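Chemist: Encoded as structure tokens, here's the structure I'll be asking about.
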Amino acid sequence: MSETVIARTVTKPVIEVRDAGIRYKRNRLSRRNFKDLFAGSQRRNRPDEFWPLRHVSFSVAPGEAIGVVGRNGQGKSTLLKLVAEVVYPDEGRVNVGAGVAPLIEITGGFVDDLSVRDNIYLTAGLHGMKRAEIDAQFDEIIDFAGIGDFLDTPYKHLSSGMKVRIAFAVISRLEEPILLVDEVLAVGDKAFREKCYARIEELLAGGRTLFFVSHSEKDLRRFCTRGLYLDKGALVLDAPIEEVLNRYNDDYGVKK
């Protein structure tokens, strides 16, 4: 008698965070002594240190759209930096199984004295695009950003809004499976922001994984199906986005 074996497809997480914590110093000039290196965790918790995130655990499947919710200073941007591997945890582990397109601190990495044209090639190249790929997409990048008249202008002479336009146009052309979006688009005008949001929706439709930080409930509902609620450095709730927003509003008295 033969047995029928039913195959189940198990999707491996594209992001896995386990008991992660990151520690910062309030005073960058503070020093540790030699005994601290071998002391227990309680001794290592010095008064001049704080943990913007601690004991955070979750996993993300490919194609999920995650909204990160919380007040200012509660670790939202720090969490994105951990996933982007811009910073590394002092405790626990963060495993990211695919490339990341980081729309966080979006104008970082651009060189003030280089022209807009040179910065596009430099930034896209640093993110892994070959020159032939940049050449093929250059006109689309310029058209999206709407900065065709400023290609040979030094980057430092552009407004903050124009800098965001260029950076988003470049980063959103990367083929990385994971997209991280902080509240960098807040400086853009309404028409360009809507253009960016349409591009994000296009990327999501193509199966990208999204981490999205915003104080706009409208935007969080637009893009995200799941939410992570951070408060005082801890992950308070991991649930559907509507449930997370309701909990956040209940905790801080935000009227709907």
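Chemist: If you scan region 59-90, which residues turn out to be touching a residue at least 24 places away in the same chain (Cβ under 8 Å) and either on the phi > 0 side of the Ramachandran plot or among the acidic types (Asp, Glu) (or both)?
Modeler: 63, 64, 70, 75, 90
Chemist: Look through 219, 152 and report the one residue that is free of Cβ contacts under 8 Å to residues at least 40 places away in the same chain and assigned to a helix (DSSP H, G or I). Walk me through how you get there before you give the answer.
Modeler: On the way: 152 fails: assigned to a helix (DSSP H, G or I).
So the residue among 219, 152 that is free of Cβ contacts under 8 Å to residues at least 40 places away in the same chain and assigned to a helix (DSSP H, G or I) is 219.
Chemist: Also, I was wondering about something else. Out of all the residues in region 101-122, is one or more within 18 Å of the chain's Cα centre (by Cα) and assigned to a helix (DSSP H, G or I)?
Modeler: no
Chemist: Mind checking which residues of region 205-237 are polar (S, T, N, Q), more than 8 Å from residue 67 (Cα to Cα) and surrounded by fewer than 20 Cβ atoms within 10 Å (Cβ to Cβ)?
Modeler: Within region 205-237, the subset polar (S, T, N, Q) is 209, 214, 216, 225.
When the remaining residues are screened for being more than 8 Å from residue 67 (Cα to Cα), the result is 209, 216.
Answer for region 205-237, where residues must be polar (S, T, N, Q), more than 8 Å from residue 67 (Cα to Cα) and surrounded by fewer than 20 Cβ atoms within 10 Å (Cβ to Cβ): just 216.
Chemist: Look at residue 180 and say whether it is on the phi < 0 side of the Ramachandran plot, outside any helix (DSSP H, G or I), in contact with a Leu (Cβ under 8 Å, 6 or more places away or on another chain) and among the aliphatic types (A, V, I, L, M).
Modeler: Values: on the phi < 0 side of the Ramachandran plot: yes; outside any helix (DSSP H, G or I): yes; in contact with a Leu (Cβ under 8 Å, 6 or more places away or on another chain): yes; among the aliphatic types (A, V, I, L, M): yes.
Here the answer is yes, as residue 180 does meet what is asked.
Chemist: Scan region 202-215 residue by residue and report those that are over 9 Å from residue 181 (Cα atoms) and within 16 Å of the chain's Cα centre (by Cα). Lay out the reasoning, then the answer.
Modeler: Of region 202-215, the ones over 9 Å from residue 181 (Cα atoms) are 202-209, 215.
Once the filter is applied, which keeps residues that are over 9 Å from residue 181 (Cα atoms) and within 16 Å of the chain's Cα centre (by Cα), region 202-215 yields 203, 204, 208, 209, 215.
Chemist: Can you find a residue in region 107-114 that is in contact with a Ser or Thr (Cβ under 9 Å, 6 or more places away or on another chain), surrounded by 16 or more Cβ atoms within 10 Å (Cβ to Cβ) and closer than 20 Å to residue 200 by Cα?
Modeler: Checked against the condition, which is being in contact with a Ser or Thr (Cβ under 9 Å, 6 or more places away or on another chain), surrounded by 16 or more Cβ atoms within 10 Å (Cβ to Cβ) and closer than 20 Å to residue 200 by Cα, region 107-114 yields at least one hit.
Chemist: On to the next question. Under 8 Å between Cβ atoms, which residue pairs at least 6 apart in sequence (or on different chains) link something in region 1-30 that is surrounded by fewer than 16 Cβ atoms within 10 Å (Cβ to Cβ) and acidic (Asp, Glu) with a partner that is modelled with pLDDT of 90 or more and outside any loop (DSSP other than H, G, I, E, B)?
Modeler: 19/55; 19/56; 19/57; 19/91; 19/92; 19/93
Chemist: So, residue 59, is that one outside any loop (DSSP other than H, G, I, E, B), modelled with pLDDT of 90 or more and of a type outside the set (A, V, I, L, M, F, W, C) or not? Even if it seems obvious, please write down each step before you answer.
Modeler: Values: outside any loop (DSSP other than H, G, I, E, B): yes; modelled with pLDDT of 90 or more: yes; of a type outside the set (A, V, I, L, M, F, W, C): yes.
Criteria met by residue 59.
Chemist: Name the residues in region 197-214 that are in a loop (DSSP other than H, G, I, E, B) and out of contact with any helix residue (DSSP H, G or I) (no Cβ under 7 Å at 6 or more places or on another chain), would you?
Modeler: Of the residues in region 197-214, the ones in a loop (DSSP other than H, G, I, E, B) are 206-208, 214.
Matches in region 197-214: 206, 207, 208.
Chemist: Could you pull out the residue among 92, 40, 73 that is surrounded by fewer than 16 Cβ atoms within 10 Å (Cβ to Cβ), out of contact with any Phe, Trp or Tyr (no Cβ under 7 Å at 6 or more places or on another chain) and modelled with pLDDT of 85 or more? Show your work before the answer.
Modeler: Values: 92 fails: surrounded by fewer than 16 Cβ atoms within 10 Å (Cβ to Cβ); 40 fails: modelled with pLDDT of 85 or more.
Of the residues listed, the single one that is surrounded by fewer than 16 Cβ atoms within 10 Å (Cβ to Cβ), out of contact with any Phe, Trp or Tyr (no Cβ under 7 Å at 6 or more places or on another chain) and modelled with pLDDT of 85 or more is 73.
Chemist: Across region 62-100, which residue is nearest to residue 251 (Cα to Cα) among those that are hydrophobic (A, V, I, L, M, F, W, C) and part of a strand (DSSP E or B)?
Modeler: Let us first name the residues in region 62-100 that are hydrophobic (A, V, I, L, M, F, W, C), namely 65-66, 68-69, 79-80, 82-84, 86-87, 94, 96, 98, 100.
Still in the running and part of a strand (DSSP E or B): 65-66, 68-69, 94, 96, 100.
Working: 65: 24, 66: 20, 68: 16, 69: 12, 94: 29, 96: 31, 100: 32 Å.
Ranking the candidates gives 69 first.
Matching residues to (1) small (Gly, Ala, Ser); (2) at pLDDT below 90:
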site	(1), (2)
118	no, no
138	no, no
149	no, no
183	no, yes
194	no, yes
206	yes, no
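The values are calculated or read from the model by the stated rules, or taken from the named source; none is laboratory data. Only a predicted model underlies this, so the values are computations on that prediction, with no experimental measurement involved. Because the Cβ atoms are built from the backbone with ideal geometry, glycine has one as well, and the counts that use them run over all protein chains shown.
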